[in-house]
Amino acid sequence: MIHSMTGFGRAGGAFSDRFFVAITTKSVNHRSPEVSVRLPEFFWELEPAVRAIASETFSRGKVDISVRVTRTQQPEYNVRINAQIANTIVPQLRALSEELGLGSTFSGSDLMRVPDLLQVEAIDSEILDDERDALTKLIRDSFAQMIEMRKREGESLHADISLRVATIRKLQERLAEHREEIRSELLASYQQRVQEIAAQAGVQLPEERIAQETVIMVERGDIAEELTRLSHHVDQMEQAIDAREAAGKKLDFLSQEMLREINTMGSKSRSAAIRTLVVELKTEVERIREQVQNVE
């Protein structure tokens, strides 16, 4: 069963005593697999693992993964005074203060206003294995929701494509019924054309030679091969939409090949009835091609 490439998932929870995490995942259609991951800086080391889970889960589409982390425990902090800034700016401030008659006494609050003088950094310990496993589970839970949504939309795509494939098969059968009409049309047209060319060239051709050339041209204009290939493509498409593996790229290729065969048949006849059938066939295939752009 085919799946859509559009989906959304969400999961969250406390995955250790230190962190609470909220995960949001979404996917849209894209010709090739593409994964975008947004993690807090202190979780960057987990990005390869998150990308690997996405790559093994989805074969096509653009997948966005957002991981928001809230600390549930305050970390230890490293407090450092930038001695270089202090040694440079404090003497200058003291000299300026004396020059202006403001005194030379500085309070701690005065020094705290100096940019970058006091640097406070959270000390983040390494991510524990239990925390890695918990995060992996939450990501898979979010992906499970997204897969379910992609599956439901895939069922709608399957129903629509199946209906259009059935319509194409009926139109193809109607077109096959006109095959003899096309051959007769080509036969009359080519016989007349060969005679006109021979007359313009001032050459007398025996009827047998005219018939031989006409048959060759009629065979080239026959749509039997195109009908056979179109029927084969329809069979392949029916199998692809019912298969378990991803079929988006295959369906896109088949729709292009079907259009090629239909266009070729349309160019071989000037009959209004046949051209109408060709237009209807092209319309159905184009609609399928639009739909398969969102099939995984």
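The values are calculated or read from the model by the stated rules, or taken from the named source; none is laboratory data. Every value quoted in this text rests on a predicted model; they were computed, and no experiment measured them. Positions of Cβ are generated from backbone atoms using ideal geometry, with glycine treated the same way; all protein chains shown enter the neighbour counts. In case anyone asks, the SASA skips ligands and DNA or RNA and just uses the protein heavy atoms, side chains included. Shrake-Rupley method; radii C 1.70, N 1.55, O 1.52, S 1.80 Å.
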Expressed in nm², what is the orientationally averaged projection area of the convex hull enclosing the Cα positions of the stretch 9-55? 3.8 nm²
Among the trypsin sites (Lys or Arg not before Pro) in the stretch 24-87, which ones are in a DSSP loop with at most 13 other Cβ atoms within 10 Å of the Cβ? Mind listing them? Arg31
Which entries in the list Lys62/Lys268; Lys62/Lys137; Lys26/Lys170; Lys249/Lys282 go over 31 Å, if you measure between the two C-alpha atoms of each? Lys62/Lys268; Lys26/Lys170
Rolling a 1.4 angstrom probe over the protein chains, ignoring ligands and nucleic acids, what is the accessible area of Glu41 in square angstrom, nearest 10? 140 Å²
